[in-house]
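Notes follow the structure.
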């Protein structure tokens, strides 16, 4: 299944390996036209749900390179590490906690876990943060890190934002942006890459309501994935066991998706307590707490964090929407994406690309529709092939200008999922599309 | 003037220094709620003009960390440097080509250029790229760079994208994303920062039409800044002199904006010739050229590049829209932003925040309007103060629910720029706002 997704993603230019002409750079991917449009839409739906549809969350975009002490306070300098072992025989390096998935570098086998003959060193801890240096020259420079998560940029701005936004807890701060992790075992296409985009929201609450808000956000976030079409049977909530929990967390659950590699984390929702604000207060000397100017009441808020990888979310949407079916004598591949996620909302097609009258009507319709939405005009080749292409990129609607259009100014609307066709007046197409894109939608594959 | 912008940006939470609780990290800024919304809008208007409104440009999002050979081919490893000199007396470091703006570190003066007493070393070249290392450990890692521009990610994907997008030149590839430059003299607020966002588009054309497309894009890009409200008197086009031109460029012009620091580059439009595609062809062994499958015609396209800094563009919009005026007995500060850029499109205000009936009507209107646009509800304090706050963040419209609303279901619409007020029916507000946001707009300060 993953192969099919990778193949479609490449064939249609959603996602392909980065720096390919130079032989690639392990686990790095570039997003082509439809990939960018899809990613923009996932991002926009998240921001909408977090910021536009709410009054209790504000947006933030913090620097990617933060002051290095941020990562001391957060514990990343000391603790954000993987235990690695070297094999003295085959010279390969393995994650000590993933030896059961490893393979001997000398005698690779189809079965993982075959490194029993290796002569392994004791595990050593390697930090996963990328380090670089700010300042033009070595002597005067400062070592800094590429952020491994966006969350810390939120915590250190807590006081600033709370004042500026005139908010009192419960309120949240949401951020989308790149993060970097120097993992030695990235892989599975865009499931885990060195460079990725996070969508994180930190929700600051009075300590005594933290549990309640934790359950609230778990529910909200589960609902978001469902709202945009992920099937119920492919989603589950898995609370972390006591031994998986960070020492500061009183509760964390993964919203897991049934990826082709098995149930894996799609989004994490964590009750982080007051750990982060306390750590930064201690390290910076700036009190990160809530003080009510009127009553003098003060407390250190607890934090509920839903954290989602944008690229991983995009992957889940690709997988979940992917479908193959036989239509008549033909097979088709179709992405049954939620219309609000679909890279292209509608295609405008003259039935016969060489018919000037059809082309003129279709062009004029296209010019009208593009005022509201991302739409495509295509007059190349056979109509069936053009439909298939739109199916593969998940375009929910196609408007076709044919002989009858020239007679009565109606066009056919083709529905991507049902393949149903109806005729509507040319003059009504724009309103029809706007309405159709606003309708509640659920995957036909529930 | 810059002080006023910096102050407003901080006061209203558009932009503020990063990592402040740890003492900051020179020339790094974080974007707060309205800053994020404004930045998102500038970005969206650029993407719209480049991608949605055109059929000859596709989007791309390439990795931030590319294969290191990309930067050898592009000439950045060798040539992307600043000449620096050290002073043996005051121990400071200066850019050798900017000594007339420098100050002695021991005896600072109000006049720049006062380093004549310094005992300077010969200039040395320092590369402006940030370096880091991919791979979990030192021995097996690979040195890589954070991209100093997004353009190279486009060039190396030329063949891929041209095939996928079924495009023949002239066509373009557009990209928005972070870039990093380890400059020793960043500054002037967000005019120049170590970390910034670029919006670059590479337009590939047949060699014999390169000059024509160069003029076309200069004109288009100039028009874009004007379209979103930058005043004509604050914009000019400055062609590079022969000695400023890159050796490969047959023409480059800066679209300059009259920043408070004087006329400075806002956007660059360059005719890069076939330099980049030829360099990557030579280094990678992959032929980056256009081949017509039908006729067999082949050529290496020339490239026209409009390149704009998102943060710098945002700064220009802030400066150009900033206004102060006396209204009756009061002064007000107002951002006369184009409605399509304004972070918040409308405010919904009950005249008296404690009047439950007004609040109920206002809330209901707010809930309706937020379906289409970023709007705010505010019932705190005196109405005048609430208007002032919306003026300062550039909200073009305010809908106020007052006594009369309770009697006849009409509200007042207040226009940010003219301060004109009119009454319209509650039921028409949503359509009124949608229409108003679609109207062509020009700055009242032309």
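Observations
- Matching residues, region A:410-422, being more than 18 Å from residue A:326 (Cα to Cα) and surrounded by 13 or more Cβ atoms within 10 Å (Cβ to Cβ): A:410, A:411, A:412, A:413
- Looking only at region B:168-210, and only at residues there that are out of contact with any strand residue (DSSP E or B) (no Cβ under 7 Å at 6 or more places or on another chain) and under 24 Å from residue B:277 (Cα atoms), the one that is surrounded by the fewest Cβ atoms within 10 Å (Cβ to Cβ): B:208
Conditions (1) closer than 29 Å to residue A:49 by Cβ; (2) more than 10 Å from chain B (Cβ to nearest Cβ); (3) in contact with a helix residue (DSSP H, G or I) (Cβ under 6 Å, 6 or more places away or on another chain), marked per residue:
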residue	(1), (2), (3)
A:121	no, yes, no
A:135	no, no, no
A:155	yes, no, yes
A:159	yes, no, no
A:172	yes, yes, no
A:179	yes, yes, no
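- Any chance residue A:140 is over 19 Å from the mean Cα position of the chain (by Cα) and at pLDDT below 90: yes
- Within region B:372-387, tally of residues that are within 14 Å of another protein chain (Cβ to nearest Cβ) and touching a residue at least 24 places away in the same chain (Cβ under 8 Å): 11
- For residue A:131: the one exception among (1) buried (at least 18 other Cβ atoms within 10 Å of the Cβ); (2) within 11 Å of chain B (Cβ to nearest Cβ); (3) modelled with pLDDT of 90 or more; (4) within 27 Å of the chain's Cα centre (by Cα): (1)
- Unmet criterion (only one of (1) closer than 22 Å to residue B:186 by Cα; (2) within 12 Å of chain A (Cβ to nearest Cβ); (3) over 18 Å from the mean Cα position of the chain (by Cα); (4) not in a helix (DSSP H, G or I)) for residue B:106: (2)
For (1) touching a strand residue (DSSP E or B) at 6+ places or on another chain (Cβ under 9 Å); (2) at pLDDT below 95, each residue gets a yes or a no:
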{"position": "B:359", "(1), (2)": "yes, no"}
{"position": "B:363", "(1), (2)": "yes, no"}
{"position": "B:372", "(1), (2)": "no, yes"}
{"position": "B:378", "(1), (2)": "yes, no"}
{"position": "B:386", "(1), (2)": "yes, no"}
{"position": "B:392", "(1), (2)": "yes, no"}
{"position": "B:395", "(1), (2)": "yes, no"}
{"position": "B:400", "(1), (2)": "yes, no"}
{"position": "B:407", "(1), (2)": "no, no"}
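- For region A:203-322, the helices (runs of 4 or more DSSP H) that sit wholly inside it and include 3 or more residues that are in contact with a helix residue (DSSP H, G or I) (Cβ under 7 Å, 6 or more places away or on another chain) and within 14 Å of chain B (Cβ to nearest Cβ) are A:275-284, A:310-321.
- Condition met for residue B:86 (part of a strand (DSSP E or B), within 12 Å of chain A (Cβ to nearest Cβ) and within 16 Å of the chain's Cα centre (by Cα)): no
- In region B:392-424, the residues that are over 22 Å from residue B:343 (Cβ atoms) and in a helix (DSSP H, G or I): B:403, B:404, B:405, B:406, B:407, B:408
- Some residue of region B:425-443 being in a strand (DSSP E or B) and at pLDDT 95 or above: yes
The values are calculated or read from the model by the stated rules, or taken from the named source; none is laboratory data. All figures in this text were calculated on a predicted structure; none of them were measured in a lab. Glycine gets a Cβ as well: all are built from the backbone with ideal geometry, and neighbour counts include every protein chain shown.
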